[in-house]
Amino acid sequence: MVSADEGFTEGLWSIRRRDPGETAASDFQFEIFHRNEVRIGVCGLSCSGSHLSAYLSYEVDPEYRRQGCATYAISRVAAFARESGKWKRLKALVSADNRASRSLLEKNGFRLWTLQPDLAFDGILLYCRELELEK
């Protein structure tokens, strides 16, 4: 297993863990780089209250979207989460009208879990990926 501190590199993309001093102690934040060392996005995990789940977040600069870097980053961060053994599942919140993001999550093994009507915004969907089933 490659440690998160070393990062992950494959083809055009690499991700490296942000300095832990820059984030909350329970968060694991990674920066996404193009092979030319230009920072093009972020991907990370934030622990939920139960510590059985972590929330996945990601953002890619618009000019680098639809090129595979978010798929790569999510797959590596999910592998890190599974191998760490800290969480049983990953969750992600996404707007119901964001088809590209929904497709990206599904491509990475997430399944629609529920509509979140109690959130501040209407039309927020909760996606979930069960890590314990992948061992």
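The values are calculated or read from the model by the stated rules, or taken from the named source; none is laboratory data. Computed from a prediction, not measured in an experiment: that's the story for all the values here. Cβ placement follows ideal geometry from the backbone for every residue including glycine, while neighbour counts extend to all protein chains displayed.
Odds and ends about this structure:
- Residue selected from the range 77-100 under the condition surrounded by fewer than 17 Cβ atoms within 10 Å (Cβ to Cβ) and among the small types (G, A, S), by the criterion nearest to the chain's Cα centre (by Cα): A79
- Screening S57 on (1) under 12 Å from the mean Cα position of the chain (by Cα); (2) at pLDDT below 90 shows it passes everything except condition (2).
- Checked against the criteria, A100 counts as more than 19 Å from L131 (Cβ to Cβ) and part of a helix (DSSP H, G or I).
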